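The values are calculated or read from the model by the stated rules, or taken from the named source; none is laboratory data. This structure is a prediction, so every number in the text was calculated from the model and none was measured. Note that we place each Cβ from the backbone using ideal geometry, even for glycine, and neighbour counts take in every protein chain shown. Note: areas computed on protein heavy atoms with side chains; ligands, DNA, RNA excluded. Shrake-Rupley method; radii C 1.70, N 1.55, O 1.52, S 1.80 Å.
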Amino acid sequence: MSETHERPRLLVLDLLETYARERGMDVILERESDRDRWVCVLRSGPKGLAARCVGETARDAIIQALEHEGVDIPS
């Protein structure tokens, strides 16, 4: 095992899953290859768009969507 002391990475996918399940939200996470970006959409029902966030990585898009919803993500 490495002797470097790295802070464990936040598992944003687990956080997204828990957040969405607890609130009964739909989640769409997709990569738009033509634009080389990721999109994370959170919906609170068929027509209830809560957040649509874009990032260079899936992690970035998820973090932005969760922050938009008021989730405090430690840095």
In Hz, Karplus ³J(HN,Hα) per residue of the stretch 11-16 (6.51, -1.76, 1.60; θ = phi - 60°; x = Gly, Pro)
8, 5, 5, 5, 5, 4
Contour minus end-to-end for Arg35 and Thr57, with contour as 0.36 nm per residue of separation and end-to-end as the Cα-Cα distance?
6.7 nm
Report in % the part of the accessible area of the chain that belongs to carbon and sulfur, leaving out ligands and nucleic acids; probe 1.4 Å.
48
Sorting Val71, Leu16, Gly48 by the position of each Cα along the dipole of the chain (Lys, Arg +1; Asp, Glu -1; all at Cβ), the one nearest the positive end of that ordering is Gly48
Under 5 Å from the placed amide H of Ala51, counting only residues 5+ away or on other chains, we find Leu42
Treating only the Cβ atoms of Lys and Arg (+1) and Asp and Glu (-1) as charged, compute the dipole magnitude of the chain about its Cα centre; round to the nearest 20 debye.
280
Largest-first principal axis extents, alpha carbons of the chain, Å:
50, 33, 18
